[in-house]
1. Out of B:75, B:38, which single residue is buried (at least 21 other Cβ atoms within 10 Å of the Cβ) and of a type in the set (Val, Ile, Thr)?
2. Taking into account only those residues within region A:29-59 that are within 14 Å of the chain's Cα centre (by Cα) and more than 7 Å from every other protein chain (Cβ to nearest Cβ), which is surrounded by the fewest Cβ atoms within 10 Å (Cβ to Cβ)?
3. What's the number of the condition residue B:54 fails, among (1) buried (at least 17 other Cβ atoms within 10 Å of the Cβ); (2) within 7 Å of chain A (Cβ to nearest Cβ); (3) at pLDDT 95 or above?
4. What are the pairs with Cβ atoms under 6 angstrom where one residue, in region A:42-54, is on the phi < 0 side of the Ramachandran plot and the other, located anywhere, is of a type in the set (A, V, I, L, M)? Sequence gap at least six, or different chains.
5. From B:118, B:101, B:82, B:126, which residue is farther than 17 Å from residue A:47 by Cα and not in a helix (DSSP H, G or I)?
6. Would you call residue B:45 in a helix (DSSP H, G or I), within 20 Å of residue A:58 (Cα to Cα) and modelled with pLDDT of 95 or more?
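The values are calculated or read from the model by the stated rules, or taken from the named source; none is laboratory data. These numbers were taken from a predicted model, which means no experiment stands behind them. Cβ: placed from backbone, ideal geometry, glycine included. Neighbour counts: every protein chain shown.
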Amino acid sequence: MIAILAFLEKAVEAEPRIADSVKKIFSKPDPTPADWQAERDAARQLTYKQLVPNSQLPS
Amino acid sequence: MSKIRSFSLVAVLALLVACGTTPNQTAYRTVATTRVSVTEAMGFWNVYVGQFHPSADKELLVKNAFEKWQAAQIVVCDMGALYSATVTTNTAGSTGVSGLLENAIANAAQDRQDLLDLLTRFGVKL
């Protein structure tokens, strides 16, 4: 467990972008239906073209 | 930054989700960190596409796999909202909803794994 936490600390320092996202997730108290709805919206808003701007596929 | 380390970060955090949390929190954290890891994986795919220009057929396969996971993720969130509501109001049947939520999470996890396996098969170093 200590080794995992040590690794986590180093990885979080090296990847602040991911760390910020996950920190927000973990700091949330018991999620409400509205929190679940927000997570739903976050997933629904993702598009292939948005995530893969180098794509040759038509939009 | 090592791709492996960034993925490992999310994986380890996912392992820690169950420590001292409610089932609702556990489910939410699992689902939300899964979205983060899928977003990261698609970023690696984007770099690969820019560098190696895979065929449209391959891109379509990845697109379809991503959208399959996305649909499953939305179902999880719907079940999560329902579970959260039943637990909050102590409505009878929360156990049944909990089972539905677990199934939905398992389905989304499988779809996520299918996407990652596909990317790996195409040569993306995750």
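1. Exactly one residue qualifies, and that residue is B:38.
2. Looking at residues that are within 14 Å of the chain's Cα centre (by Cα) and more than 7 Å from every other protein chain (Cβ to nearest Cβ), I get A:45.
3. (2) is the only condition that residue B:54 fails.
4. A:43/B:74; A:44/B:74; A:51/B:42; A:52/B:49; A:54/B:49
5. Exactly one of B:118, B:101, B:82, B:126 is farther than 17 Å from residue A:47 by Cα and not in a helix (DSSP H, G or I), namely B:126.
6. Criteria met by residue B:45.
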